[in-house]
1. Does the chain come out rounded, prolate or oblate, given a ≥ b ≥ c as the square roots of the eigenvalues of its C-alpha gyration tensor, rounded meaning a/c under 1.5 and, failing that, prolate meaning a/b above b/c?
2. With charges only on Cβ, +1 for K and R and -1 for D and E, what is the dipole size of the range 205-299 about its Cα centre, in debye, rounded to 20?
3. Please report 267, 242 as a ranked list, fewest other C-beta atoms within 10 angstrom at the top and most at the bottom.
4. How large is the helix-only mean residue ellipticity at 222 nm for the chain, computed as the sum of -39500 (n - 2.57) over DSSP H runs with n ≥ 4, divided by its residue count, in deg cm²/dmol to the nearest 500?
5. Would you please name the chymotrypsin sites (Phe, Trp or Tyr not before Pro) within the range 220-310 that are DSSP coil residues with at most 16 other C-beta atoms within 10 Å of their C-beta?
6. Most mobile of 224, 201, 39 per a Gaussian network model of the chain (Cα springs, under 10 Å)?
7. Once the dipole of the chain is set up with Lys and Arg at +1 and Asp and Glu at -1 on Cβ about the Cα centre, which of 105, 120, 81 lies farthest towards its positive end?
8. Can you figure out the FRET efficiency of residue 17 with residue 39, using R₀ = 30 Å and their beta-carbon distance, to the nearest 0.05?
Amino acid sequence: MRVIFLGTPEFSVRVLQGIVQSNHEVMAVVTQPDRKNARGNKINFSKVKEYALGLDVPILQYENISLQGQDELKKLNADIMVTAAYGQILKQNILDICPKGIINVHASLLPKYRGASPVQWALLEGQERVGVTIMQTELGVDTGDIILQKEIALDGYENTYETLQKLSVLGAEAVVEALDLIEQGNAIFTPQIESQATYCRMLKKEDGKIDWAKSSKELKNFIRGMTPWPSAFTTCKFGKLKILRANALECENTGIVGEIMVAEPKKGLIVSCGQGCLDVLTVQGENAKAMDIKSFLLGKRLQAGEILGD
């Protein structure tokens, strides 16, 4: 089939690669407009655009696809559109362009985790299995009929970036399978069970603040879900401290929540939580690079008894 692909971040690239390598033909790639970096002296392309520059297809960018893209997209005479983390809500005029509509690659097992941050919330809530859903796009947010789903088990240590890497591979396989089924007329469109639906909101920077009153298991999952963005953080005498990786320990608490129990380069950094202790493995201090806890403690001498987050 003739496909128009819509996507923006790194997750979308592997999905696009899967379609490019299949028997389907990519007619154009639509991605978010170029943006200036924080200092305004460099133009940043989306990850999808960076990849698509190596393809012999048009690259289309709209500030508002529903207002600006209808005529240009119609002229491509595509059979179907595929979206994967594109980043704009599509209105009915775009949904109606292709005869076979639009299908979306969503990084959750719908109807669970509808919305913009499904992987983050799945990790925050300690899900042991995650997956992707290929669904028919409609006006509702992730409410369309399901074509197929694929899932994988997690090892319990993956952060959001690592999980998305795994799901992008799964999404590439799933979307090609779905396109094949649609082309053959064998796709089954199954309505979602609304009573089982959950929604996840967009995360904000302030959501990353660590609440040491939570259990060590909860905080381990919190750190996984918040990494790499917005990052799980606390404060110490050296300023803001991001915690990028940690283990949960089932130790007896003898200190107050947030109290450093151990802070030695050879023994690591162990912090008392509401239940159990957190064994901190990787951190990033203010204006510094990420480093293992031994390297950090060699340069920044934290002491047992100090309270994090005060």
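Every number here is computed from the coordinates shown, using simple stated rules; none is lab data. Owing to the predicted nature of the structure, the values given are computational and were not obtained by experimental measurement. A quick note on method: Cβ atoms are made from the backbone with ideal geometry, for glycine too, and the neighbour counts reach across all protein chains shown.
1. Working: a/c = 2.75, a/b = 1.98, b/c = 1.39.
The shape class here is prolate.
2. Details: 14 positive and 11 negative charges, 67 e Å.
Approximately 320 debye in magnitude.
3. Working: 267 13, 242 22.
Listing 267, 242 from fewest to most nearby Cβ atoms yields 267, 242.
4. Numbers: 9 runs with 80 residues, N = 310.
Mean residue ellipticity at 222 nm (helix-derived): -7000 deg cm²/dmol.
5. On the way: sites: 222, 233, 238, 296; in loops: 238.
For chymotrypsin sites (Phe, Trp or Tyr not before Pro) across the range 220-310 that sit outside H, G, I, E and B with at most 16 neighbouring Cβ atoms in 10 Å, the list reads 238.
6. Maximum fluctuation in the GNM of the chain, among the listed residues, is at 39.
7. Positive-most Cα among the choices belongs to 120.
8. Working: r = 32 Å, r/R0 = 1.05.
Efficiency for this residue pair is about 0.45.
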